[in-house]
1. Let's test the formula: R0 of 22 Å, r as the Cβ-Cβ distance of residue 186 and residue 148. What FRET efficiency results, to the nearest 0.05?
2. Which aspartates and glutamates does residue 266 reach when only Cα atoms under 16 Å apart count, and residues fewer than 8 places away in its own chain are ignored?
3. Could you tell me the distance between the Cα centroids of segment 209-265 and segment 85-152, to the nearest Å?
4. How big is segment 57-196 in terms of Cα radius of gyration and Dmax, in angstroms?
5. Expressed in whole Å with the largest first, what are the equivalent ellipsoid semi-axes of segment 46-107 derived from the C-alpha gyration tensor as the square root of 5 times each eigenvalue?
6. Multiplying the sequence separation of residue 110 and residue 56 by 0.36 nm and subtracting their Cα-Cα distance, what value in nm do you get?
7. For a quick size check, give me the Cα extents of segment 142-293 along its three principal axes, largest first, whole Å.
8. If you rank 94, 220, 121 by fewest surrounding Cβ atoms within 10 Å, what's the result?
Amino acid sequence: MAVCIIIAACVGKESAPIALPSVTPQPSSTVTVTPTKTPRPTSTPIPTNTPFPAYNIKQVIFEYGVFGGHSVYEAFFEDYDPDIWIALYDDGQMIISGAIYKQKLLSPHEIKQFFSNLETMGFYSLESNQAHNPTDKLYDFGNNYVKVYDAYSYCIIASAEKSRQLCVYEPGIPYLIPRMNKIFNYLNYYEPVGSTTYYPDRLLVWIQSGRNPYDDKLPMDVIPWDKKFPSLEIPSSNTFNEKIIYVNGNAAKEIYLKFDDTNEGKVFIQNGKEYTVYIKIVLPHEKITNANQ
């Protein structure tokens with residue numbers, strides 16, 4: 001197990017990065033992709049010089065998720081901190097995010113069928129200039145178009161035998177043409193038969209002294225923190241009373257098992273002091289780095 005501790009400085013009032021929505025089917029015939037936001041502060045992490053351990057990054061051939069959000073973790077990613085809802089790798093492993101992450105090793109036939117379904121629904125043939133305005137044929141705005149400068153993008157990225165990236169701008173979701181709605185609904189409902197729980201081997205763990213007063217979803221129960229895990233203690237020199245730690249290996253799995261919903265925080269106690277803890281799963285294809293490495 002390798003552990004890197006990163007001190008995080010908090011600026012501005014507390015706000016929230018996007019939280020992963022459940023991929024559990026919803027009783028709706030049209031796509032409604034509205035993130036539920038968990039209260040967390042907007043922070044700029046200030047890493048130490050401790051390098052992250054080497055990791056064998058996997059090759060992703062399909063990903064679907066939301067891009068353009070900000071979170072306390074974003075400095076650790078190369079370009080942004082994406083929320084990936086479906087990731088498919090060249091070895092057949094598929095990971096689906098949610099309150100609890102799921103996975104399955106797809107057979108070559110299942111992989112072919114997955115991409116064939118997308119092709120049949122028009123993923124590779126739909127016309128779009130990706131302008132997300134009335135000139136973009138993914139939408140039918142009528143007289144309702146309003147230009148929005150800062151919003152999330154929901155992207156489907158394929159890089160298998162056929163490659164394509166198709167994104168939808170959040171304000172345009174109510175005006176999507178039916179064929180694009182159908183693709184979104186297929187992906188939002190998708191979970192292969194025989195899926196099992198996915199146990200991560202890398203986590204970013206955000207820790208705040210005491211109970212987060214901005215999070216009204218925190219449970220009343222306090223959980224003892226296992227001594228074998230890296231310490232929750234925050235140095236007295238940290239005036240913002242928060243930090244982020246990187247945990248990998250079996251410790252990442254064991255900490256993950258303490259959370260029955262990856263989108264929500266827990267309150268732990270160590271040496272008589274309470275801490276609010278959130279986790280961010282780092283998927284096998286995601287490259288992260290210590291900013292000062």
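1. Values: r = 26 Å, r/R0 = 1.18.
Given R0 = 22 Å and the Cβ-Cβ separation, E is 0.25.
2. Cα-Cα hits under 16 Å: 215, 216, 221, 226, 233, 242, 254, 274.
3. Answer, in whole Å: 33.
4. 15.7, 46
5. Details: eigenvalues 117, 52, 23 Å².
Working from the Cα gyration tensor, I get semi-axes of 24, 16, 11 Å.
6. 16.9 nm
7. 59, 38, 37
8. On the way: 94 22, 220 6, 121 18.
Ascending number of Cβ neighbours within 10 Å: 220, 121, 94.
Readers should treat all values here as calculations from the given coordinates under stated rules, not as data from a laboratory. What you are looking at is a predicted structure, and each value in this text was computed from that prediction instead of being measured. Note that we place each Cβ from the backbone using ideal geometry, even for glycine, and neighbour counts take in every protein chain shown.
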